[in-house]
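Before any comments, here is the structure.
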Amino acid sequence: MTSWRLDLLLLLTNAVYGTAYVAQREAVNVVPPGLLGFARLSIAALILLPFLRQRPGTKTEPGDRAKIFWMGTLGFGVAYVLSHFGLARSTATNGALLVTLEPVLVMLLSPFVLGERLRRREAMGAAPVLLGAVLVVLNGVPGVTVSLLPHWRGDALIVLSALAFASYSLLGRDVLRRWDARTVTARSILWGAASMVPVVALEWAAGSRPTWTPTGTATTLYLAVVVTALAYLAWNAALARVPAPRAAIFINVQPVVGVALGMLLLGESATVYTAIGAVLVFIGLGITTIGASG
């Protein structure tokens with residue numbers, strides 16, 4: 001696959017991921033967050049069931065299966081719990097912008113985990129992205145604006161979910177050099193579903209029950225089929241061929257889609273500080289993209 005096709009695949013994949021924030025925000029209104037994560041992972045695992053078997057002749061290394069396990073447990077199970085609970089206590093707009101932390105974490109940690117280092121300009125781009133995310137979390141300047149940390153509990157969970165999501169790519173990049181991307185995707189999603197079982201049990205014991213409205217059912221199916229099964233297949237196929245820091249640049253497409261849909265479909269407002277934070281995020285994206293293509 002040529003470079004421009006890989007870039008297009010990464011662009012479209014992250015545009016699809018960007019739609020997940022609005023879908024999750026709607027779904028958690030009627031489906032408990034743990035059950036929502038379990039449902040989308042379980043349905044996706046069923047779709048990818050034919051790819052579970054390892055292809056004959058695959059060259060493996062010790063620890064590959066453990067990495068796939070942690071890809072599912074951390075990158076799906078833990079990340080989905082934090083993301084779903086965080087969005088239930090925050091907004092789709094904040095969720096989309098805060099996920100810009102994920103590419104920064106991938107770019108910063110890749111040299112230590114994968115030996116794939118950032119170019120100088122890409123590293124410079126991380127600074128405005130982080131500053132923009134802080135402005136979104138605080139909804140302004142601490143001690144100056146009236147509204148201080150209006151959604152801080154939900155935002156903190158979303159930040160932690162970004163770290164968990166980053167672990168998926170950091171662990172997966174090495175395994176995908178040897179394994180079929182479809183097998184890695186199927187197995188990691190299955191492990192993710194298994195890791196959600198205790199969370200669902202706790203929710204059920206606490207009396208949380210879903211209300212399967214048409215909207216709740218449709219958004220759950222969309223998250224399962226399109227965002228989880230198909231988009232992760234595409235992401236892993238690209239990640240097998242593209243260095244993690246470069247692939248991470250495209251994750252910044254998600255806030256563009258998420259913020260736009262949050263305002264258009266959910267009527268969420270964007271303050272001047274959200275706008276400033278978004279501009280800083282886009283500046284950082286521009287710097288890192290120039291660094292990647294230069």
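Residues of the stretch 20-38 that are open to solvent by 30 Å² or more (accessible area, probe 1.4 Å) and of a type in the set (S, T, N, Q): N29 alone. Residues considered: A247, A270, A234. Of these, the only one that is of a type in the set (A, V, I, L, M) and open to solvent by 40 Å² or more (accessible area, probe 1.4 Å) is A270. Pairs meeting the criteria (first residue in the stretch 246-268 and farther than 14 Å from V281 by Cβ, second residue acidic (D, E), beta carbons under 7 Å, at least 6 apart or on different chains) are G262/E268. The lone criterion from (1) touching a Phe, Trp or Tyr at 6+ places or on another chain (Cβ under 7 Å); (2) within 20 Å of F76 (Cα to Cα) left unmet by T220 is number (1). When the stretch 156-169 is filtered for residues that are out of contact with any Gly (no Cβ under 7 Å at 6 or more places or on another chain) and crowded, with 22+ Cβ neighbours inside 10 Å, the ones remaining, listed by number, are A162, A166, S169. With respect to G192, determine if the residue is within 15 Å of the chain's Cα centre (by Cα), open to solvent by less than 80 Å² (accessible area, probe 1.4 Å), modelled with pLDDT of 85 or more and closer than 25 Å to G72 by Cβ. Against the criterion (within 15 Å of the chain's Cα centre (by Cα), open to solvent by less than 80 Å² (accessible area, probe 1.4 Å), modelled with pLDDT of 85 or more and closer than 25 Å to G72 by Cβ), G192 qualifies.
Assess whether L49 counts as being modelled with pLDDT of 90 or more, out of contact with any helix residue (DSSP H, G or I) (no Cβ under 6 Å at 6 or more places or on another chain) and either more than 30 Å from G267 (Cα to Cα) or crowded, with 23+ Cβ neighbours inside 10 Å (or both). Full working, then the answer.
Values: modelled with pLDDT of 90 or more: yes; out of contact with any helix residue (DSSP H, G or I) (no Cβ under 6 Å at 6 or more places or on another chain): yes; either more than 30 Å from G267 (Cα to Cα) or crowded, with 23+ Cβ neighbours inside 10 Å (or both): yes.
Considered against the rule, which asks whether it is modelled with pLDDT of 90 or more, out of contact with any helix residue (DSSP H, G or I) (no Cβ under 6 Å at 6 or more places or on another chain) and either more than 30 Å from G267 (Cα to Cα) or crowded, with 23+ Cβ neighbours inside 10 Å (or both), L49 comes out as yes.
Counting only residues that are part of a helix (DSSP H, G or I) and at pLDDT below 75, the stretch 260-271 holds 0 of them.
When you look at T220, is it polar (S, T, N, Q), crowded, with 18+ Cβ neighbours inside 10 Å and more than 17 Å from the chain's Cα centre (by Cα), yes or no?
Numbers: polar (S, T, N, Q): yes; crowded, with 18+ Cβ neighbours inside 10 Å: yes; more than 17 Å from the chain's Cα centre (by Cα): no.
Considered against the rule, which asks whether it is polar (S, T, N, Q), crowded, with 18+ Cβ neighbours inside 10 Å and more than 17 Å from the chain's Cα centre (by Cα), T220 comes out as no.
Among residues of the stretch 12-39 that are under 12 Å from W212 (Cβ atoms), those with a beta-carbon under 9 Å from a residue that is crowded, with 24+ Cβ neighbours inside 10 Å and among the aromatic types (F, W, Y) at least six positions away or on a different chain give the pairs L36/Y80. Among the residues of the stretch 272-294, those that are more than 22 Å from the chain's Cα centre (by Cα) and either modelled with pLDDT under 75 or under 20 Å from E102 (Cβ atoms) (or both) comprise I290, G291, S293, G294. When the residues of the stretch 52-82 are filtered to those that are within 16 Å of the chain's Cα centre (by Cα) and open to solvent by 10 Å² or more (accessible area, probe 1.4 Å), the one that is modelled with the lowest pLDDT is V81.
The values are calculated or read from the model by the stated rules, or taken from the named source; none is laboratory data. Please read these numbers as outputs of a predicted model, since none were measured by experiment. Glycine gets a Cβ as well: all are built from the backbone with ideal geometry, and neighbour counts include every protein chain shown. Ligands, DNA and RNA are excluded from the accessible area calculation, which covers all protein heavy atoms including side chains. Shrake-Rupley method; radii C 1.70, N 1.55, O 1.52, S 1.80 Å.
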